[in-house]
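To start, the structure itself, in structure tokens.
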Amino acid sequence: NRTFQLSFFPIGETGLGKSTLMDTLFNTKFEGDPASHSQPGVQLKSSTYDLQESNVNLKLTIVSTVGFGDQINKEDSYKPIVEFIDAQFEAYLQEELKIKRVLHNYHDTRIHACLYFIAPTGHSLKSLDLVTMKKLDSKVNIIPIIAKSDAISKSELTKFKIKITSELVSNGVQIYQFPTDDESVAEINGTMNAHLPFAVIGSTEELKIGNKMMKARQYPWGTVQVENEAHCDFVKLREMLIRVNMEDLREQTHTRHYELYRRCKLEEMGFKDTDPDSKPFSLQETYEAKRNEFLGELQKKEEAMRQMFVQRVKEKEAELKEAEKELHEKFDRLKKLHQDEKKKLEDKKKSLDDEVNAFKQRKTAAELLQSQAQQAGGSQTLKRDKERKK
């Protein structure tokens, strides 16, 4: 009665047909804006779609990786993917730890299957593929698929599958194995495990083959039918993912990958099931111990910050006092310099005043002598005039 929730994470280099295969897998044209591949790193985009078939509702989430493998330095290409998967686990854990949980209505965005697209080189896996799958195998169900498998011949494809399986085993990469413990699906799943990795072809184009319209790819040399098991493993992939093992993918995600993340996260937070004496450790005691530890650390940090603040204040006060002292010394020097300059100017003014007074005295004496000389000259002139008159 409830809506199924399923999340797929197609990962692979640009141009391997990830979007086309997802459209083919669910027989739906998923709308989306064309991705720009000019970004410096890997960009993730999550899209959710509501699908319905025969009164069964499916809330499908597809996460696309834009720019994966486009960079020259591909060393950190896997990091955004790992962080995204962990973020979905963290969101579910936070919802699970709430007092009032609504997990039955919670939009579960945890990744249930990672379809890892391998380029049809026919030789071996790239180091980028091995590193990425190794980083993801403990976090998600990895299903390796050979994309655009019509690019290599059947004999090369068989050798390529064996080579991929050998490399995955030798590098310790754990891919998802279809379960064989249930008798009803043990035989078919055992057979399908032997076919991994699936060699697939995607196409949304329908061509008329015989009297039927079928999804196919038209080439100058012939037609490749997507749903023809003699041409590719698309039907096997669809059967295993959607019809036979969908519930096991969801269960493996919850009981294996999510539980591993949850356990590691709670251990990081200090929660344990037993104390050092192997006795049961209650959640309340763990919480109280962790809370006291946190408060102790907080108090230590607060004290350290207070001491640092006091030290900074003292250092600042010392700097201000030193600056004030330098300012006073500079003021005293300027004041003394001003006084010396003033004294020099006063001495110079006094000297000039003395010179002016001396000059005035000499001028007055000169004027007096000139006046006396004029008076003497005048009296002699009068005497000569008198003598002439006689």
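The values are calculated or read from the model by the stated rules, or taken from the named source; none is laboratory data. Only a predicted model underlies this, so the values are computations on that prediction, with no experimental measurement involved. Here the Cβ positions follow ideal geometry from the backbone for every residue, glycine too, while neighbour counts run over all protein chains shown. These accessible areas exclude ligands, DNA and RNA; they are computed on the full protein's heavy atoms, side chains included. Shrake-Rupley method; radii C 1.70, N 1.55, O 1.52, S 1.80 Å.
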- Task: Might you check whether a residue that is in the same structural domain as Thr132 (by the TED database), assigned to a loop (DSSP other than H, G, I, E, B) and among the basic types (Lys, Arg) occurs anywhere in region 161-178?
- Result: no
- Query: Checking Asp353 against (1) surrounded by 10 or more Cβ atoms within 10 Å (Cβ to Cβ); (2) modelled with pLDDT under 90, which single condition isn't satisfied?
  - Reply: (2)
- Item | All positions within region 94-113 that are open to solvent by less than 40 Å² (accessible area, probe 1.4 Å) and in contact with a helix residue (DSSP H, G or I) (Cβ under 6 Å, 6 or more places away or on another chain) | Thr109, Arg110, Ile111, His112, Ala113
- Do we find a residue being in contact with a Pro (Cβ under 6 Å, 6 or more places away or on another chain), over 17 Å from Tyr261 (Cβ atoms) and in the same structural domain as Cys232 (by the TED database) anywhere in region 103-116? yes
- Candidate set: region 179-204, residues that are open to solvent by less than 30 Å² (accessible area, probe 1.4 Å) and in a loop (DSSP other than H, G, I, E, B); chosen: the one nearest to Arg256 (Cα to Cα): Pro179
- So, of the residues in region 248-284 that are of a type in the set (Asp, Glu) and at pLDDT 90 or above, which turns out to be farthest from Ile201 (Cα to Cα)? Glu259
- Message: I need every pair where a residue in region 226-238 that is surrounded by fewer than 15 Cβ atoms within 10 Å (Cβ to Cβ) has its Cβ under 6 Å from the Cβ of a residue that is not in a loop (DSSP other than H, G, I, E, B), sequence separation at least 6 or different chains.
- Response: Glu229/Val235
